[in-house]
Structure formats: structure tokens, C-alpha cells
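Structure first, then comments.
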Amino acid sequence: MDEYKIYRQIICIDLKSFYASVECRLRGLDPFTTPLIVADESRGGGSVVLAVSPFLKQKGFKSRQRLHEVPNKDQLIIAKPQMRKYLEYSRDIIAIYLQYVAAEDLHIYSIDEAFLDLSAYLRYYEKTPKALAKTIMRDIYQQTGIPSTCGIGDNMLLSKLALDLLSKKSPTHIGVLHYEDVSKILWPLKPLSAMWG
């Protein structure tokens, strides 16, 4: 069996707590040890928290809540959103993707998430999908300081589901979901809303 291509090999890369990670990077701080949220305090307590650092996520903090709902605000760094800066970081990371795949094999899903079709590149790089994903994720971190997670699948849907359901529980931050895994992993999933789409 060809180790470089079984079906199509799509990866979905998510930039971890993107806005908050950028704000940590701008301050020279580690997003995994920094209690930072992104929200505009000048808009008052009703301001929406756009992102929380990975450190706070591990402690159960959620984004999309109102600022007045955030506990222990006086112990947190509250960063005012800087959309222009986030777009610059996103642009720089897209440039990293384009070092590995052609533009037609890159699908930008959002400012912090993208799909890369690695199918035609595995032989060239002589890497498995997981090894190539690790290389790309390492380059993102080394060049920008932004951590990422990744899902690998036989199509875009499976790679996205691998990202959402499996990568966060993996020590490598990479989840893998193939056609043959669907009945074992997806069918028992409850509630159905846990599945993207």
C-alpha cells in the first residue's frame, strides 16, 4: 500500500485562540501561561469577549461571553482588539502555507482556519500527512509564535471533524479521521450538534 496516498489527504489547520495568541505574541508572552482575553473595555460590560488565551481555555473560560460575565477580571490582561494586526498575522501564515502547496490546493476558511490538500505533495516531500502537518505547524510557530492544531482526513469534512473532535485531545495536537473510522467515531457522537455542519 502506498504510504503517501491512500485517498485524498486534506489537512485543516486552526490557529489556536488566534486573536488572544497574537496579543500574547505582541507582548512577548506565552499564550499557554498567560491569562489574557481580547475585549474592548471602552464599550463597557456588555462588550463581547472575542478570544481567550489557551491558558484560560484550559481553566474553562469561554469566548463569546460578555465582559461583565468574566470572573476575576482584575487578574486578567484585557487586550483591546486589533483587527489590522490579526489580518497581518493571518497573511503571514497564509504565506507559510503557500511554501508547501500551490494556491489551488489552499482553501482559506476563515482568518484563523485553512484547508490544505496535501495529496499531490506527499511523494515530493517524502512525508506522511501527519509528518508534513507537523512540519507546517512547526514553521507557523517558529516564524510567528502562534500555536496551531490540525485535523487530517480523506476530504474536507473529515479533516474538519478530525480537527474539532480529535486534535484537542491529542498530545501532538493532530487528529486523524479516515472513511473507515466514521462508523466508530461519528455514529455514536451525541449530541448531534457536537458535529460541525
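Key figures
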read-out	value
Single condition ALA20 does not satisfy, out of (1) among the hydrophobic types (A, V, I, L, M, F, W, C); (2) surrounded by fewer than 20 Cβ atoms within 10 Å (Cβ to Cβ); (3) without any contact (Cβ under 8 Å) to a residue 60 or more places away in the chain	(2)
Selection within the stretch 140-159 - in contact (Cβ under 8 Å) with a residue 40 or more places away in the chain and open to solvent by 20 Å² or more (accessible area, probe 1.4 Å)	GLN143, ASN155, MET156, LEU157
Positions within the stretch 166-180 being open to solvent by less than 30 Å² (accessible area, probe 1.4 Å) and farther than 22 Å from ILE94 by Cα, in sequence order	SER170, LEU177
Pick from the stretch 110-129, criterion hydrophobic (A, V, I, L, M, F, W, C) and buried (at least 16 other Cβ atoms within 10 Å of the Cβ), ranking: farthest from the chain's Cα centre (by Cα)	LEU122
Residue within the stretch 82-93 that is outside any helix (DSSP H, G or I), more than 18 Å from the chain's Cα centre (by Cα), closer than 28 Å to GLY28 by Cβ and touching a residue at least 24 places away in the same chain (Cβ under 8 Å) present	yes
Inter-residue pairs, beta-carbon under 6 Å, first open to solvent by 40 Å² or more (accessible area, probe 1.4 Å) and in the stretch 35-47, second of a type in the set (Val, Ile, Thr), 6+ apart	GLU41/ILE78
Options ARG138, ARG123, ARG66; residue that is over 30 Å from TRP187 (Cβ atoms), at pLDDT 95 or above and of a type in the set (D, E, K, R)	ARG138
Enumeration of residues in the stretch 41-59 that are in a helix (DSSP H, G or I) and under 9 Å from SER17 (Cα atoms)	PRO54, LYS57
Subset of the stretch 80-109 [of a type in the set (S, T, N, Q) and either open to solvent by 70 Å² or more (accessible area, probe 1.4 Å) or more than 25 Å from ASP40 (Cβ to Cβ) (or both)]	GLN82, GLN99
Condition check for ASP74: more than 19 Å from the chain's Cα centre (by Cα), touching a residue at least 40 places away in the same chain (Cβ under 8 Å) and surrounded by fewer than 16 Cβ atoms within 10 Å (Cβ to Cβ)	no
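The values are calculated or read from the model by the stated rules, or taken from the named source; none is laboratory data. This structure is a prediction, so every number in the text was calculated from the model and none was measured. So basically every Cβ, Gly included, is an ideal-geometry build from the backbone, and we count neighbours across all protein chains shown. In case anyone asks, the SASA skips ligands and DNA or RNA and just uses the protein heavy atoms, side chains included. Shrake-Rupley method; radii C 1.70, N 1.55, O 1.52, S 1.80 Å.
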